[in-house]
């Protein structure tokens, strides 16, 4: 398929920076999920790639060839929008065939290619229906089929599941991943949903206010967040972030003091400094290891969710969330997070390893 390269790509709307120096390489056949809150620049990235917006600066290459100065219809890029954008007066067949008709493909070949991609997405029995006769999940699959029938080098998906209910999101998400792996098409998938990003992506690009915060595999981003924004965005419930003070080789949080390893003390240096501790809710247990951050559960704050129980606790004057797996019949009087599972961030929010 294709290798997509973004070199210091930026976009301004007047004085507003929508995307700043976005640099990334998507390898051939890779599915990259672009994650971030609303307004962070995710959709702008796709629109720049598709040619629906012009770059303020930077370059976009596809298999080594610049495409940012090429007309949209010549980029060999296909995009699926959040609202499906199907033609209501056309049948499913007509919608799927439309890109081929615009390129002058003959009737017989159009029909054959449309039926092949419809079979891939299990739409064969729906070809003569119109969009109004389809469910939301079926409409989304038609939108996918219309994009795939062009055999694009690069596939762009802009929050394609946001209009579907939870059950349909799961089934269509599975379709997309299976289809992408089967076709080995390089894909950028924009979402604000971390579950989609974690389950679909070979790698995740997390953006905040137009800037890349971290590019990594889902597991690495969860286990080693680059900064406090990533730590608080990835994970449900999010990581607990606690202000702390480092001095004389130890960290003080509330009335607790934690002794650090020689390696970590060396990185933190001499003197006194403010830092942040990050603790995943699932790091807390009823066990009491010798080196641990201890929280005291508050009364009547347990949320039993069936497979897990969320417990609110206090560390000093800070409230934290602990996640206990299973139904907690009794809440332990103390919950502890081992020092080995605590993340350290400097005053600016950057990870300290």
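From the alpha carbon centroid of segment 34-108 to that of segment 295-331 is 46 Å. For the listed peptides 149-159, 58-68, a ranking on the average number of other beta carbons within 10 Å per residue, highest first, reads 149-159, 58-68.
Any chance you could run the full-extension gain for residue 298 through residue 170? It's 0.36 nm times the residue separation minus the Cα-Cα distance, nm to one decimal.
Length difference between fully extended and current span is 42.5 nm.
Take the Cα of residue 202, go 7 Å toward its beta carbon, and the backbone nitrogen atoms of segment 51-77 under 14 Å from that spot belong to 63. Normalised by the residues of segment 240-352, what does the relative contact order come to in percent, with Cα pairs under 8 Å and at least six apart? With pairs under 8 Å counted, the relative contact order is 30 percent.
Could you work out how far helix 107-120 tilts from the main Cα principal axis of the chain, as a 0 to 90 degree angle to the nearest 10? Between the helix axis and the principal axis of the chain, the angle is about 30 degrees. Between residue 108 and residue 347, the contour length at 0.36 nm per residue exceeds the Cα-Cα span by 79.6 nm.
For an R0 of 41 angstrom, estimate the FRET efficiency from the Cβ-Cβ distance between residue 116 and residue 54 and round to the nearest 0.05. Given R0 = 41 Å and the Cβ-Cβ separation, E is 0.75. What shape does segment 240-352 have by the C-alpha gyration tensor, where a ≥ b ≥ c are the square roots of the eigenvalues, rounded means a/c under 1.5, and otherwise prolate means a/b greater than b/c and oblate the rest? In terms of gyration-tensor shape, prolate.
Spacing of the modelled spin labels on residue 162 and residue 209, each 7 Å from Cα toward Cβ, amounts to 2.1 nm.
Look at 27, 69 and count the other Cβ atoms within 10 Å of each Cβ; fewest to most, that gives 69, 27.
Once the Cα-Cα distance is subtracted from the 0.36 nm per residue extended length, the residue 184 to residue 27 segment shows a gain of 55.5 nm.
Taking the DSSP beta bridges with both ends in the chain, the antiparallel portion is around 75 percent.
Taking a point 7 Å from the Cα of residue 314 along the Cα-to-Cβ direction, the residues of segment 247-283 with backbone N closer than 15 Å to it are 254-256. Note on residue 266/residue 286: beta-carbon distance plugged into 1/(1 + (r/R0)^6) with R0 of 41 Å gives a FRET efficiency of 0.80.
Taken together, the values in this text are just the output of simple stated rules run on the coordinates, not laboratory data. Computed from a prediction, not measured in an experiment: that's the story for all the values here. Heads up, the Cβs are rebuilt from the backbone with ideal geometry, glycines too, and the neighbour counts pull from every protein chain shown.
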